[in-house]
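One structure is given below, encoded as C-alpha cells.
The values are calculated or read from the model by the stated rules, or taken from the named source; none is laboratory data. Everything numeric in this text was worked out from a predicted model, so none of it was measured. Here the Cβ positions follow ideal geometry from the backbone for every residue, glycine too, while neighbour counts run over all protein chains shown. Each accessible area value is taken on the protein alone, full model and side chains, heavy atoms only, with ligands, DNA and RNA left out. Shrake-Rupley method; radii C 1.70, N 1.55, O 1.52, S 1.80 Å.
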Amino acid sequence: MEISWRAVQAGRASAFAGDEGLNKSGVLGSLWCHLLMKIAALFPPVVRSTRSRAPLCFLLCFSLCGGGLQSVHGEKEPASPGESGLLHSGPLPLVASPQFQEPLGPEWKVQHGRWTPENGELKAVELPENKHRAVLHHRVGLSRAVVELEFRMEGAGFLGVGCDGPPHVGRVVVLSNRFHIAQDSKSTPKILVASEMEVAPGVWHQLRVEWKEDEMAARLDGRELRAQHEYFRKPKGLTWIGIGPANTTIRNLRIYGEENPEK
C-alpha cells in the first residue's frame, strides 16, 4: 500500500486536532516531525521518492517523538498535592515519601501489627496477639496535611488514615462497602459523612486524605467526601495508618503538610 507524503502531513495535523490533551512534549514532537520532513526534502531523489521517504520520516518521527506521545497516552503522572486538591488551593511541602526498599526511618513507629517494606511496597498484617488493628504512626505533627497512597486488600477489611493529638482527632475509614469521615473524640465519636461504594479486594485503590483547621476531606477512586467539625481544630501530633483484619499492601505513599507552629 502506498503511503503518500500528503498523508504524513495530514496525520500530523489530525494529531493536534483530535487530542486536546497533547502536552508540551507532544507539541515539540510534532515540530520535530515538521523539521524532519523539511530535511527529507534535501535528500537525493531516491530518498525523496514518495514510496521511500514517508517510511523514513515515520521512523525518525517515532524515534524522536515517542517519548512525548507516551506521556499523553501512557500512564498518568501522579498529581502534585496542589492539583485537584480538596481543601488546599496550593501545594504543601513534601514531608515523607518512603520508597519501601529499606527499613522505615525513625520518624515512623509500628504501634501494632507487622509492617514490612519490600520491593517498593509496604505489607501490613494484623497480629491476633495485639488484639488491635495494625497501626503505623508517622510522628510528625501537621496542622495542614495531604496524605496520598494506593492500597490493595486481600479480603474484606478496614483501612484508616487519621490524625491524633495525643487524643484521637479525626479519621477516614475505608470498608469493603463504604467509606466515611469521623470526628474521633473518645467521649462522642461520630461519623459525619459517608458514601456507599464497593471497595473490591485484590485490586489497587487510590486514596487521598486532607485536613486543615476544622475540615477534613477524602477522595477514594474519584469519589469525594468533605466534613466540618470544631473538634478537628485539636492540635495534631502524628499521622496514622491502620488496617485489619485483612492483610493489606500499600504503595506510593506521600505525606505533604505544614508542621505545627512552635509555641
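Examine the stretch 138-157 for a residue that is modelled with pLDDT of 95 or more, crowded, with 22+ Cβ neighbours inside 10 Å and in contact with a helix residue (DSSP H, G or I) (Cβ under 8 Å, 6 or more places away or on another chain), and state whether such a residue exists. Checking the stretch 138-157: not a single residue is modelled with pLDDT of 95 or more, crowded, with 22+ Cβ neighbours inside 10 Å and in contact with a helix residue (DSSP H, G or I) (Cβ under 8 Å, 6 or more places away or on another chain). Kindly list the number of the only condition in (1) charged (D, E, K, R); (2) over 21 Å from the mean Cα position of the chain (by Cα); (3) crowded, with 18+ Cβ neighbours inside 10 Å; (4) closer than 23 Å to Pro91 by Cα that fails for Asp184. Just one mismatch for Asp184, condition (4). Please work out if Val199 is part of a loop (DSSP other than H, G, I, E, B) and closer than 19 Å to Pro245 by Cβ. Yes; evaluated as a whole, the condition is true for this residue.
Of all the criteria given as (1) open to solvent by 50 Å² or more (accessible area, probe 1.4 Å); (2) of a type outside the set (A, V, I, L, M, F, W, C); (3) assigned to a loop (DSSP other than H, G, I, E, B), the one not satisfied by Asn252 is (3).
Just one of the listed residues (Asn119, Asn177) is more than 26 Å from Leu86 (Cα to Cα) and open to solvent by 70 Å² or more (accessible area, probe 1.4 Å), and it is Asn119.
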